[in-house]
Structure formats: C-alpha cells, structure tokens
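Encoded as structure tokens, the structure appears first; notes follow it.
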C-alpha cells in the first residue's frame with residue numbers, strides 16, 4: 001500500500017473586489033482630497049474639499065511670508081539716502097543701493113522684489129512694487145507721481161534732457177519709494193528731508209546737495225552744452241545758499 005498523500009488545499013480568489021491602494025497616512029488637506037477621490041465620494045463634496053485645501057495652502061503661504069519678513073527685518077542693515085531728486089526736492093535712497101543692500105538678505109529668506117510694467121499718462125506715472133515669498137504669497141504697494149520735468153534751466157528756460165529721460169527719472173524714483181515702503185525700511189544717513197523736507201541731525205550741507213545735483217545733471221546731459229549750462233543756470237541759487245549756510 002502506497003504512502004498516504006496529504007489532501008490538496010484549494011484556494012479560491014474572488015477577483016470581483018480589488019484591494020484598494022493604501023492611502024498615505026497624512027493630515028494634510030491634499031491627502032484627504034486624494035483619499036476622497038479614491039473612495040469615489042460625491043464630486044460636489046470633493047470640490048468643496050479642494051477649495052478648503054487651496055484655502056489652507058494660501059494661509060500657510062501667508063504665514064510663511066510674514067515669518068520671512070520678520071526674519072528679514074531682524075537681519076536687514078541700515079541703508080543710506082544717496083541721491084537727490086530735483087523735482088521732489090528731497091534726498092532718497094537709489095534703487096541700486098536698496099537692492100544691492102537688501103537682495104542678498106531677501107534671498108536668504110525666500111523673498112524677492114519685482115516691479116510690473118508701470119501705468120502711465122501724459123502727466124503722471126503709477127508704479128507697483130511686489131514682495132513675493134517662495135511659497136506663493138505676494139504683497140504689493142502702489143504709488144502715483146507726476147512725471148519729473150524739473151530739468152529746465154532757471155535762466156535759459158530750455159530743457160536739459162528729453163522726455164524719455166523724464167520718464168526714466170520718475171520710474172526710478174517711484175521704484176525706490178515703493179521698494180522702501182514694501183520692505184518697511186528708510187534711509188538713515190545723509191537725509192535732509194526727514195520725509196517732509198525738514199531738518200535733522202543728519203542734514204547734508206548745501207555743497208553736498210549741489211554736488212549731487214551736478215552729478216545727476218551730467219548723467220542726464222545729452223550734449224556738452226547741457227553740462228556747461230549747469231553753472232549759469234544755477235550759479236545764483238548756489239551762491240545764495242552757500243552764503244546762507246556760512247552765516248548760520
């Protein structure tokens with residue numbers, strides 16, 4: 001008699017019900033939406049969950065933005081007002097000085113500054129400065145100012161630069177002003193206007209003011225005559241201010 005064999009084991013697989021793919025264990029709104037889609041929930045419910053997910057992402061981005069701004073301000077160094085605007089008659093911090101000082105600090109905290117194309121009419125310009133965080137949140141500040149047409153000789157009455165240079169001057173000044181505003185910083189050294197053309201401990205001398213004006217006139221000049229005309233156009237005012245400063 002042959003050795004008794006063990007009975008065969010019959011295994012039946014029911015393919016009508018497939019095992020669901022495991023859902024990642026996570027409390028994030030995106031994971032919850034994915035689970036709802038896998039479970040075959042109602043489309044309207046999934047849409048509501050997606051709206052909540054987007055709202056949560058926006059809130060997280062907003063929180064990250066303000067945390068980054070706070071970190072930036074704790075680290076940001078002071079910046080100097082290094083330019084003089086003859087139209088607005090005040091010193092300001094040049095855009096190159098601002099961005100050169102703050103871009104490295106902004107970048108370390110995931111922040112960046114940008115300027116969309118400005119809106120312009122024949123007499124004014126509107127500039128927007130945006131401060132964006134890498135998670136997507138953006139804050140913006142907008143300013144409007146008249147086109148800077150101050151480059152007219154006081155004696156000759158002739159323009160010392162062309163309309164394109166007027167636009168560039170206005171655009172540059174507004175970008176500097178909006179950038180300072182969105183970053184919450186202000187020039188602290190060499191200021192003469194104290195945000196209102198007032199006096200202060202850091203007041204620049206008339207000589208320093210006219211030195212800046214002369215440099216800007218040279219930069220804006222189109223011909224040698226434009227440069228030569230600077231002194232005849234401004235000499236009377238320069239002498240008057242120098243005498244006043246000496247008597248003070």
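Each value in this text was obtained by applying a stated rule to the coordinates, not by laboratory testing. The model shown is predicted, which means the values in this text are computed figures rather than measured ones. Quick reminder, even Gly has a Cβ in these numbers, built from the backbone with ideal geometry, and neighbours come from all protein chains shown.
Taking the number of Cβ atoms within 10 Å of each Cβ as an exposure proxy, the fewest-first ranking of 114, 176, 53 is 114, 53, 176. Give the residues of the stretch 50-64 whose amide nitrogen is closer than 15 Å to a point set 7 Å from the Cα of residue 35 in the direction of its Cβ. 50, 53, by backbone N distance to the label point.
Between residue 239 and residue 168, the FRET efficiency estimated from the beta carbon spacing at R0 = 25 angstrom works out to 0.25. Computing FRET efficiency as 1/(1 + (r/R0)^6) for residue 74 and residue 99, where r is the C-beta to C-beta distance and R0 is 25 Å, gives about 0.80.
Fully extending the segment from residue 138 to residue 186 would add 15.2 nm, taking 0.36 nm per residue of separation and subtracting the current Cα-Cα distance. Taking 0.36 nm per residue of sequence separation and removing the Cα-Cα distance, the residue 62/residue 124 pair yields an extension gain of 19.0 nm.
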